[in-house]
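Structure first, commentary second.
Values in this text are rule-based calculations from the coordinates and carry no lab data. Since the model is a prediction, treat every value here as computed from it, not as a measurement. Heads up, the Cβs are rebuilt from the backbone with ideal geometry, glycines too, and the neighbour counts pull from every protein chain shown.
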Amino acid sequence: MTEPGKRRDPAHRSRLLLTDALTTGTHGLRSRRGRTFLTAIGIAIGIASMVAVLGISSSSRADLIAEIDELGTNLLQVRPGSDVLGEGAKLPEEAPAMIRRIGPVDNASSVSTLDTDVRRNRFVENTNGLDVLATEPQLLTTLDAAISHGRFLDAGTATLPTVVLGSVAAERLGIIDLRGGPTVEIAGRIFAVIGILHPLPLNPDIDRSVLIGNVAAEQFLGAEIIPTAIYLRADPDAVEAVRRVLSRTVNPANPNEVEVSRPSDALEARARVDENLQNLLLGLGGVALLVGGVGIANVMIISVLERRGEIGLRRSLGATRRHVAVQFVLESASLATLGGLIGSGLGAAVTYAYAEQQGWRVDIPIAALGAGVVAALVLGAFAGLYPALRAARLDPADAVRPA
Amino acid sequence: MTDRREPRLQLLDVGKDYPGNPPVRALDRVSLSVDDGELVAIVGASGSGKSTLLNVIGTLDRPTRGEVIIANQRVASLSDAGLAGLRSRRIGFVFQQFHLLEAVSALDNVATGLLYQGIRSGRRRAVAADALRRVGLGHRMNHRPPQMSGGERQRVAIARAIVGDPAIVLADEPTGNLDSRTSAAIVELLRDLNADGATIIVITHDRELAATLPRRVTLHDGLVVDDTLGHVGAVEVAR
């Protein structure tokens, strides 16, 4: 106290405790509850839509992945491609046997598309775009298919004039079940329907087919059995390896005339397509969030204008410019965080409701909830920066003066 | 200077200009010394420079010329944050329009007077309760300003100004928004606080009010034209 103006004693500086900074930073929010809530809703909508987009697509993907897991990703399909002249190539007759000889192949079955039509009976012209396929009894195992009515072809029925219908084929032919012993007509011959398959998500072409035994096809339709598709199940750990050697095994002379595919890839592609849509929706949610942020900045600027007196008072009580700036940044950040909390809750609720309604397993990404709150906090702090600087720059002498 | 008590405030040849063409001279060669325990009225008509003087004494504004020394601190040598520190501990303000926080109780309003000293909330409230009792509002601690009369609000504001036991209490038209009976009570309160040792400077345009205070400094056109203590324009300051 002796040397005027020379002291740098920290005991004489203004100080604001952290807990007091937090209380001060929410003072404005607590005194204007209605406005606080409405402003927070802006942020909440942005966060809620982003969380819901992530949650819904994650639930949908979880469902798809579960489906893929259930169906297995080890089913491979071999089809004839085209030769160098662009003509349709053929699979060699011994191809199925060659494939069965590959070590990690558990089993393989071939189907042959017959050049004939199927109808409900001879009075019906419409062939419904259905294929007639000749195949072998173990196709059921290879495709992991399930029977909804009757039974599949076996060693006995494969030699008789009997058919098994794919799910779509049965529907189009108007055969719901096997009551009354339904029959179909193929090339003028009557075939008894002995079974109907459940839908096969990985093999929609089988769904649209009428299956008969190879022997029956040769015997009753005079068909020549040339495989048009071979299905095989490989050891799940060796699927890629099997895939690489398939073409050469099936047709060593012309491996490029063989098309190898994995039906489950289509489902996985669907998951990726969802990702694009998800990014688009996330972007829209981001725009909503940004608009919410601008709303907060606006409200904060208005708040600074309205609270000149309070700012002046705080400066006269010893608040530094920094204390005032911190107060308004904290206020803005807590306002946005409140919005983030509401939004995350709302987003989770929407996800839950939508997934339940779709019959999906509910998968609410916890990380997205946390990220939503943190994003809101950061956005709020940024939105509050400019209003806070304006508040800090207010001339205290002006601010305490009656308006 | 030996027969004097410690000066709490010293102004030496203080001038303040506001930018303009020509610049507005709000204060001119103001010299003033206020000692520990004084109760001083600064009187003047509207436009005499009272508000500017209040801002300069309260360190809310810096003078264009001259020296301001508060509690032995040379204001010119302090940074903005340094001035804030000075205000937080050495100066208590009472405003005409009270400037209370409407959403919080009288007790918390008074406790805000200690907020920027870094004192914990529990201690702040305890000291604030004492201050409220000193201004006669011990029974109204948990009421919020909108539930109080004008006189009560000003008492809360005065309690907030004295809660940190500052070197100077600056009251800017403390009775400006009050009826005459309430005004008299507020002036009485200020006198009581002064009797208990507080150094108080009251800025007012009300000559009647000023006449009841022991010392009057009269401002006119930015100049001190009268000081009942008799050192017009010639206060000696130990440098």
Calculated from backbone phi, Karplus (6.51, -1.76, 1.60) coupling profile of segment A:333-341 in Hz, x at Gly/Pro: 5, 6, 4, 5, 5, 4, x, x, 5
Could you work out, residue by residue across A:17-27, how many beta carbons of other chains sit within 10 Å of that residue's beta carbon, and then give the average as an integer? 3
Can you tell me which of B:Val156, B:Val104, B:Val169 moves the most in a GNM of chain B? Springs connect C-alpha atoms under 10 Å apart. B:Val104
Would you mind giving the mean number of other chain beta-carbons within 10 Å of the Cβ of each residue in B:96-109, as a whole number? 3
Quick check on chain A: helices-only [θ] at 222 nm, where DSSP H runs of length 4 and up contribute -39,500 (n - 2.57) each and the sum goes over total residues. Nearest 500, please. -18000 deg cm²/dmol
At 7 Å along Cα-to-Cβ for each site, give me the label-to-label distance between B:Arg207 and A:Ser261 in nm. 10.5
Rounded to whole Hz and in sequence order, give me ³J(HN,Hα) for segment B:181-197 from the Karplus expression 6.51 cos²θ - 1.76 cosθ + 1.60, θ = phi - 60°, writing x for Gly and Pro. 5, 5, 4, 4, 5, 5, 4, 4, 4, 5, 4, 4, 5, 5, 4, 7, x
A:Val132 long-range amide H proximity, modeled H, under 5 Å: A:Leu114, A:Thr116, A:Val210
Residue separation times 0.36 nm, minus the C-alpha to C-alpha distance between B:Ala126 and B:Glu102: what's the value? 6.6 nm
Efficiency of FRET from Cβ geometry, A:Val291 and A:Ala367, R₀ 25 Å, rounded to 0.05: 0.55
For B:Gly92, enumerate residues with amide H under 5 Å from its amide H, sequence gap 5+ or separate chain, H modeled in the peptide plane. B:Ile168, B:Val169, B:Leu170
Built amide H within the under 5 Å cut-off of B:Val40, gap 5+: B:Ile200, B:Ile201, B:Val202
Run the quick spin-label model on A:His198 and A:Leu284: label points 7 Å from Cα toward the beta carbon, then report their separation in nm to one decimal. 3.5
Exposure proxy ranking, count of Cβ atoms within 10 Å, fewest first, for A:Lys90, B:Lys50: A:Lys90, B:Lys50
On a C-alpha basis, how far is the centre of segment A:121-161 from the centre of segment B:135-212 in Å? Whole number, if you could? 101
Work through the residues other than B:Ala128 whose Cβ is under 12 Å from its Cβ and net out their charges, Lys, Arg +1 and Asp, Glu -1. +4
Can you give the average number of partner chain beta-carbon atoms within 10 Å of each beta-carbon in peptide B:66-77, as a whole number? 3
Using a 7 Å offset from the Cα along the Cα-to-Cβ direction at both A:Glu171 and B:Ser180, what is the distance between the two label points in nm, to one decimal? 9.7
Residue span A:Ala241 to A:Glu218: 0.36 nm per residue of separation minus Cα-Cα distance leaves a gain in nm of 4.8 nm
In whole Hz, what ³J(HN,Hα) sequence does segment B:41-50 give by Karplus (6.51, -1.76, 1.60; θ = phi - 60°), x for Gly and Pro? 9, 9, 10, x, 6, 4, x, 7, x, 4
At R0 = 30 Å, how high is the FRET efficiency between A:Ile65 and A:Asn107 if r is their beta carbon distance? Nearest 0.05 is fine. 0.75
Length added when fully stretched, A:Asp398-A:Thr141, from 0.36 nm per residue minus Cα-Cα: 83.9 nm
